[in-house]
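Engineer: Sharing a structure with you now.
None of the figures in this text is laboratory data; all of them are computed from the coordinates on show. Source: prediction; values computed, not measured. Backbone-built Cβ (ideal geometry, glycine too); neighbour counts: all protein chains shown.
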Amino acid sequence: ARYAPPCPTMQKPPPWAGSSDAAARTLELLAGMAVAQGALHAGVVAKRSDWVHTWNERLAILSTESLTWQRVLAGEPSDERAVILHSGMSLSVREQSHLVVQPAGRAPIWFRAGSGPELQAWESELGEVLATLREEADLARAIMRERPELMDPACFHEAPHAGSRNIRERRLNKLFYLTSAAQTQPTPQALCSLTTHTGDGDDGSSITVPPPML
């Protein structure tokens, strides 16, 4: 089944969503609710269409796991899309007004914030998450290179939705990676996990290797 990244659940908006002013207040309310429920940042952005390159208003929500965006029609969120955050992603600002997210092996995703400070807020929050993911992935790969008797450095997979990113904590705290045991084929039975821990006074790592198969 296709994996659907979790994001804060949007409750039903108040009945006054109708006029443009009310719609704007609804979007602000939904963004505030998302942050209250654990999102790192949320707000209204314009997203460029992948096909015709028109700009469309969307409610965007950033968590430690994903960046989601969705329409809000008549106060109801719908048509949610998402990109899973990964150490291979890059982030840049173009023309001092556009935020460009570049997933590895995919077309770039263009966003436009409503103001300069809002653009800086998105760049800061998303950039910090991606920088941490890169640092931790580099650490995990270094550990694998130091323990070739346990792990195959050629087999490395991030597990961003393994319940490891502590959405409610609003920060990256524990990251999971999968590799294969050394000198084995990367079958489910041969998988071992590598976990890195970030945070104040809790830096470290742990390795879980499956028992030998009889």
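Engineer: Between N56 and A36, how high is the FRET efficiency from 1/(1 + (r/R0)^6) when r is the Cβ-Cβ distance and R₀ = 25 Å? Nearest 0.05. If you can, show how the numbers build up before the last one.
Structural biologist: On the way: r = 26 Å, r/R0 = 1.03.
Once rounded, the FRET efficiency stands at 0.45.
Engineer: Residue separation times 0.36 nm, minus the C-alpha to C-alpha distance between R170 and E128: what's the value?
Structural biologist: Here the answer is 13.9 nm.
Engineer: In addition: Taking R0 as 41 Å, what's the FRET efficiency between R145 and R106 from their Cβ-Cβ distance, rounded to 0.05?
Structural biologist: Efficiency at R0 = 41 Å is approximately 0.90.
Engineer: Another question, then. Under 17 Å from the 7 Å Cα→Cβ point of R81, by amide nitrogen: which residues of region 114-131?
Structural biologist: Under 17 Å, as judged by backbone N against the label point of R81, lies no residue of region 114-131.
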